[in-house]
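Take a look at the structure set out below.
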Amino acid sequence: METVNEMKKEYLGGYMRHVRRLRRIEAELEELRTMKTAITVNNDGMPHGSGQGDMSGYAAELDQLERNLLEERNRRVSAYKDIVKRIKGLRSENELDVLFYRYIKGLEWWDIAKAMGYSERQIHRFHGNALAHISVPEKLKDVIECQSKV
């Protein structure tokens with residue numbers, strides 16, 4: 001069973017998951033385009049195009065990936081707005097900074113400590129306090145409340 005803090009971390013980590021998905025979709029698009037435009041060499045030693053005959057399958061796959069990219073960008077923006085609004089609701093500047101650096105910028109603990117001028121141990125304390133103070137979406141609260149009753 002997940003603890004309340006684990007659920008909050010999962011929620012806050014949502015933005016970076018969107019960022020990773022975007023990067024993956026962009027890489028898939030790049031790979032697909034590269035494969036379609038790649039020059040191949042046949043046994044005759046002469047360069048040939050990569051089969052420009054039937055483009056319908058390629059076009060459909062490209063179109064689907066581009067739609068996925070647009071949808072994921074919209075989800076990322078929505079997650080960003082909600083998470084940043086909740087982070088900015090914290091009273092402590094240190095708690096705010098730790099959550100922003102960790103869950104929006106995706107920094108490692110030691111990078112956050114260096115950026116803020118504190119030890120990693122202190123950064124972890126700020127993080128724990130921030131998790132205790134941050135408000136979460138009502139839907140997540142319902143899940144947390146149900147689990148705490150079990």
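Structure notes:
- Residues Val19 and Tyr58, FRET efficiency given R0 of 30 Å [Cβ-Cβ distance, rounded to 0.05]: 0.65
- Formal net charge of residues neighbouring Ala113 (Cβ-Cβ distance under 10 Å; K, R +1; D, E -1): -1
- For the pair Gln122 and Glu10, a Förster radius of 22 Å applied to the C-beta separation gives a FRET efficiency near 0.35, rounded to the nearest 0.05.
- Estimated inter-spin distance, Arg75 and Ala132, nm [label 7 Å along Cα→Cβ]: 3.4
- Length released on extending from Thr3 to Trp109, taking residue separation times 0.36 nm less the Cα-Cα span: 36.1 nm
We did not get these values from a lab; they are worked out from the coordinates using the rules stated. These numbers were taken from a predicted model, which means no experiment stands behind them. Every residue, glycine among them, receives a Cβ derived from its backbone with ideal geometry; neighbour counts consider all protein chains shown.
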